[in-house]
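Derivation of every value follows stated rules applied to the coordinates shown; laboratory data play no part. Source: prediction; values computed, not measured. A quick note on method: Cβ atoms are made from the backbone with ideal geometry, for glycine too, and the neighbour counts reach across all protein chains shown.
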Amino acid sequence: MAQWISIETAPEAAAPCTLRCWWEPPTGAPRAGVLVLPEVFGINGWVRSVTARLAGEGYAALAVPLMARTAPDLDLGYSDAELAIGRAHKEQVRTDQLLEDLQTAAAWLKRQVPGRLGCVGFCFGGHAALLAASLPAIGATAAFYGAGMASGRPGGGAPSLEVLPDVAGALTVFCGRLDPLIPPADVQAIAAALAAADPSGQRLTLQMAEAGHGYMCDQRSDYRSAAAAEGWSRMLELFAGELDTD
């Protein structure tokens, strides 16, 4: 049932485009819908494996391209050369266009699976997931190692952490203690911003792993099986607690 689908953004959008998404519903009635936001490597085999795992857990998963205007079919491996390609496209992404795309994808997914949606993102997708969490349709977000959220946002502007007061659902930010792309000062800024937006510490949380960057992905050198298993388990707990309607 998994397949590529095309979703058109609204003609009145700032920069209309076609979103080439990977759609993977479960075999039975879905528990909820989940947006999956990829690394700078695009909707590659590993990202599609994430949608398959989510479908196996009963969630209808939609992987959404984050660089649809400059690289609509991006599907890269993890070599240094491919990383450079992905980063070059990432630098051309603008937050306003990204949010329009995510809103379009969320509206499409809600038509398939009514109810509050989940969102999970990795690397650049983790940063994008924080922004997506500010959309009304998103009820639970797992943002894995989203570098740069404490210092800016795609296309420039105030740090993406400033959207936290607009996040109505639950959000967990996952960081690795050994991640050179999210230094201790950034982790402290993330923790402080989460606490300021949710003093109870129950809805907006920070989860630290004994790992570096990209630890969830078994195709990357920083993959850590124990940290990945813990991250996956906590993400599923978040989605089950916030999205399941049974």
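As I understand it, the dipole of the chain uses +1 on the Cβ of Lys and Arg and -1 on the Cβ of Asp and Glu, about the Cα centre. Which of T205, S225, L74 lies farthest toward its positive end?
Checking the options against the dipole of the chain, the answer is L74.
Out of the DSSP beta bridges found with both residues in region 3-243, what percent are antiparallel (nearest 5)?
Of the beta bridges lying entirely in region 3-243, close to 30 percent run antiparallel.
Just to be sure I understand the curve: with the Debye formula and one point per C-alpha of region 1-146, what is log10 I(q)/I(0) at q = 0.11, 0.20, 0.21 Å⁻¹?
Calculated log10 I(q)/I(0) at the listed q: -0.35, -1.23, -1.36.
With +1 on each Lys and Arg Cβ and -1 on each Asp and Glu Cβ, how big is the dipole of the chain about its Cα centre, in debye rounded to the nearest 20?
Here the chain has a charge dipole of around 140 debye.
Pick out, from G58, Q112, V36, the residue whose Cα sits farthest towards the positive end of the charge dipole of the chain, with +1 on the Cβ of Lys and Arg and -1 on the Cβ of Asp and Glu.
Q112
Go through F124, V47, Q3 and say which Cα lies farthest out towards the positive end of the charge dipole of the chain; charges sit on Cβ, +1 for Lys and Arg, -1 for Asp and Glu.
Comparing the listed Cα positions along the dipole, Q3 ranks first.
Please build a GNM for the chain, connecting alpha carbons under 10 Å apart, and tell me which residue among A55, A105, A185 fluctuates the most.
Between A55, A105, A185, it is A185 that shows the largest mean-square fluctuation.
Place a label point 7 angstrom from the Cα of S49 along the Cα-to-Cβ direction, then list the residues of region 115-141 whose backbone nitrogen is under 20 Å away.
Answer for this model: 120-126.
Using a Gaussian network model of the chain with C-alpha springs under 10 Å, which one of P11, P183, P65 is most mobile by mean-square fluctuation?
Checking each option, the largest mean-square fluctuation is seen for P11.
Divide by every residue of the chain the summed helix terms, -39500 (n - 2.57) for each DSSP H run of at least 4, and state the resulting mean residue ellipticity at 222 nm, rounded to the nearest 500 deg cm²/dmol.
Mean residue ellipticity, 222 nm, calculated: -11000 deg cm²/dmol.
How far is the Cα center of region 175-191 from the Cα center of region 88-141, in Å?
So the two Cα centres are separated by 22 Å.
Could you tell me what fraction of 2.2 N^0.38 Å the Cα radius of gyration of region 3-243 comes to, as a two-decimal ratio?
Here the Cα radius of gyration is 0.91 times the empirical estimate.
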